[in-house]
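The values are calculated or read from the model by the stated rules, or taken from the named source; none is laboratory data. Fair warning: this is a prediction, and the values are worked out from it, not measured in the lab. With ideal geometry, Cβ positions are generated from the backbone for all residues, glycine too; neighbour counts draw on all protein chains shown.
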Amino acid sequence: MGKLGISIYPERSTFEDDKAYLDLAHKYGFKRVFTSLLQVSEGKEKVLADFKECVMYANSLGFEVMVDINPALFDQLGISYDNLAFFDEMGAYGVRLDLGFTGAEEAKMTRNPYGIKIEINMSSGTKYVDNIMSYSPNVANLLGSHNFYPHRYSGLGYEHFINCSKQFTKYRINTMAFVNSQVATFGPWPTQDGLCSLEAHRDLEVATQVKHLLLTGLIDDISVGNAYASEAELKAMSEAFFADYPSIKVDVAADITADERTVLFENLHSYRGDRSEYILRSTMTRIIYQDRPFPAHNTVDMKKGDVLIDNAGYGQYKGETQIALQAMKNDGRVNVVGQIAADELFLLDFLQPWSSFKLIEK
């Protein structure tokens, strides 16, 4: 089972605020913490003192703390890639290499005596992970995570994201990506327009971002990159991440009936396997509700994302639930009862035949 995570930046906040945030995330089942040493300028003792209090408190709640570093930081702190005692002393679960070495060093780091995990950057699109694998790392201690991007329009494109992720899943390496809180105000650097891995996610509700990453089938863990996400966001992330089935938001039509509302929102829908290019069919509702009348109303022409229920004019199909996959004419036998919410319309493309899903009212 994958894990949810948050990010904390002790040098830009207070221990009291971080502690409260950790408590809140723990309440909703979060397990990972990301933090960064990349912007630290003081010596080793000061770094340890500032971070250790936060890390130890996170550990006491059962979090796994990942610390972002790069080769220059090893020199700055006077430590070496072949001795990770500094991070063990800090209480870190693992270190994330924002910039890597040559492959041999990473492989050696995975065999450290402390069992510290080594998380490598998934977003470069090079043969980096293949190179590390050629040096026989301990794969149990090797993890991958995508970057996050503070600058608007600089985040990953979807195809690149997929290609990079597949480089890791082929080795069964645990994968992680960042999502963006819409209320959080800071990250590790002074300027940020949110902190997400995929550019397309930047302005979406955080639960929608989570659903999308899960539907790709390529991401194990999901962390919110900026701080602090609201309690409502953490709760929504948790509900989306731990749900048995994906859910998609629907804007209901003004004249939706009580029976139609029941059909949409009180059933688990199943995408019929013999797929059509025009409609996604959830056929069981016509059997479950065959005794309901479903009179004709709102029989307007259909467009992609419209949520449909066949009315009494369609005979044995009466009560069947469908989602329009493209524009279609309506001959009066189909009630348009809602529309997939605009910000989740793209999720339709990720539902697979024979998969099950829920519809939820926006």
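Things worth noting here:
- Gly144 vs. criteria closer than 20 Å to Lys3 by Cα and not hydrophobic (A, V, I, L, M, F, W, C): yes
- Conditions (1) under 24 Å from Thr110 (Cα atoms); (2) surrounded by 16 or more Cβ atoms within 10 Å (Cβ to Cβ); number of the one not met by Pro10: (1)
- If you go through segment 345-362 and keep only what is under 14 Å from Lys211 (Cβ atoms) and of a type in the set (Phe, Trp, Tyr), you end up with Phe346, Phe350, Phe357.
- The listed residue being in contact (Cβ under 8 Å) with a residue 12 or more places away in the chain, among the basic types (Lys, Arg) and either in the same structural domain as Gln167 (by TED's automatic domain parsing) or not in a strand (DSSP E or B) (or both), out of Arg281, Arg292: Arg292
- Leu213 being buried (at least 18 other Cβ atoms within 10 Å of the Cβ) and either in the same structural domain as Glu159 (by TED's automatic domain parsing) or more than 30 Å from Leu142 (Cβ to Cβ) (or both): yes
- The set of residues in segment 306-333 that are buried (at least 16 other Cβ atoms within 10 Å of the Cβ), farther than 18 Å from Ile288 by Cβ and either touching a Ser or Thr at 6+ places or on another chain (Cβ under 6 Å) or of a type in the set (S, T, N, Q) (or both) contains only Asn330.
- Test: residue in segment 98-106 that is within 30 Å of Lys19 (Cβ to Cβ) and in contact (Cβ under 8 Å) with a residue 24 or more places away in the chain: yes
- First in segment 201-220 and within 17 Å of Met122 (Cβ to Cβ), second anywhere and part of a helix (DSSP H, G or I) and among the aliphatic types (A, V, I, L, M), Cβ under 7 Å, 6 or more apart: His212/Leu347; Thr216/Ile162; Leu218/Ile162; Ile219/Leu213
- Of all residues in segment 60-81 being closer than 21 Å to Val33 by Cα and either in a strand (DSSP E or B) or touching a residue at least 60 places away in the same chain (Cβ under 8 Å) (or both), the one that is farthest from the chain's Cα centre (by Cα): Ile69
- Being part of a helix (DSSP H, G or I), out of contact with any helix residue (DSSP H, G or I) (no Cβ under 8 Å at 6 or more places or on another chain) and over 30 Å from Val224 (Cβ atoms) holds for only one residue in Gly273, Gly315, and it is Gly315.
- Search result, residues across segment 159-185 that are under 13 Å from Ser230 (Cα atoms), surrounded by fewer than 21 Cβ atoms within 10 Å (Cβ to Cβ) and hydrophobic (A, V, I, L, M, F, W, C): Val183
- For Leu347, the conditions (1) within 26 Å of the chain's Cα centre (by Cα); (2) assigned to a helix (DSSP H, G or I); (3) closer than 18 Å to Asp259 by Cβ; (4) not hydroxyl-bearing (Ser, Thr, Tyr) are fulfilled apart from (3).
- When we screen Thr299, Thr262, Thr208, Thr257 for residues that are within 30 Å of Lys19 (Cα to Cα) and surrounded by 14 or more Cβ atoms within 10 Å (Cβ to Cβ), the only hit is Thr208.
- Residue in segment 187-198 that is assigned to a helix (DSSP H, G or I) and of a type in the set (A, V, I, L, M, F, W, C) present: no
- With respect to the conditions (1) over 21 Å from Asp221 (Cβ atoms); (2) surrounded by fewer than 19 Cβ atoms within 10 Å (Cβ to Cβ); (3) without any contact (Cβ under 8 Å) to a residue 40 or more places away in the chain; (4) not aromatic (Phe, Trp, Tyr), Leu84 lacks only one, and its number is (2).
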